[in-house]
């Protein structure tokens, strides 16, 4: 059965290849998911602020160092994830002003952090959020993962 699935996938595209496909138990899946949450992820985002953000405000937030946030399951994933409050570590962040209302955010987080929600706060479901730390509304215009520390 798995050989047929492998052959079908491999015949459908040259972009990937599948081999050794097999069923795994629930404990394997749980271990796999748990191992992903011990990793550190690095992001770069272009962020918009609803108010003029002074360089001193950006510097003050960046100077906070590492801190913990609490995130309720985001509204955008509630249909597929259980409602829970998760504590996640922000290891470091750097804010580089582009102009009065735009800046670059370089961020190091614990894997599993909802980065978009960290920036805009998700209607108060992420505490603190970058917007709340800056004293204004904030939103991501572009988000890229730049590295994953294994």
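Just so it is clear, none of the values below were taken in a lab; they were calculated from the coordinates. Since we're looking at a predicted model, the values are computed, not measured. Cβ: placed from backbone, ideal geometry, glycine included. Neighbour counts: every protein chain shown.
Note the full-extension length gain between residue 21 and residue 143 as 0.36 nm times their separation in residues minus their Cα-Cα distance, in nm to one decimal.
Details: separation 122, 0.36 × 122 = 43.92 nm, distance 3.25 nm.
This chain segment gains 40.7 nm when fully extended.
The angle between the Cα long axis of helix 2-12 and the main principal axis of the chain comes to about 60°, on a 0 to 90 degree scale.
222 nm [θ] for the chain, helices only, -39500 (n - 2.57) per DSSP H run of 4+, per residue, to 500? Walk me through the numbers on the way to the answer.
Working: 5 runs with 41 residues, N = 150.
Rounded to the nearest 500, it is -7500 deg cm²/dmol.
Which shape class applies to the chain: rounded if a/c is under 1.5, otherwise prolate when a/b exceeds b/c and oblate if not, where a ≥ b ≥ c are the square roots of the Cα gyration tensor eigenvalues? The shape class here is prolate.
Using C-alpha pairs under 8 Å with a sequence gap of at least 6, the mean separation divided by the residue count of the chain gives a relative contact order of 31 percent.
If you sort the three axes of the alpha carbon gyration tensor as a ≥ b ≥ c, you get a/c of 1.5 or more for segment 46-98 and a/b no higher than b/c, which makes it oblate. Net length available on complete extension from residue 85 to residue 67 is 4.9 nm, with 0.36 nm assigned per residue and the Cα-Cα distance removed.
Of the residues 64, 1, the one with the fewest other Cβ atoms within 10 Å heads the list, and the complete ranking is 1, 64. Going by the alpha-carbon gyration tensor, a ≥ b ≥ c the square roots of its eigenvalues, is segment 89-139 rounded (a/c under 1.5) or, if a/c is not under 1.5, prolate (a/b greater than b/c) versus oblate? Judged from the Cα gyration tensor, segment 89-139 comes out oblate (a/c at least 1.5, b/c at or above a/b).
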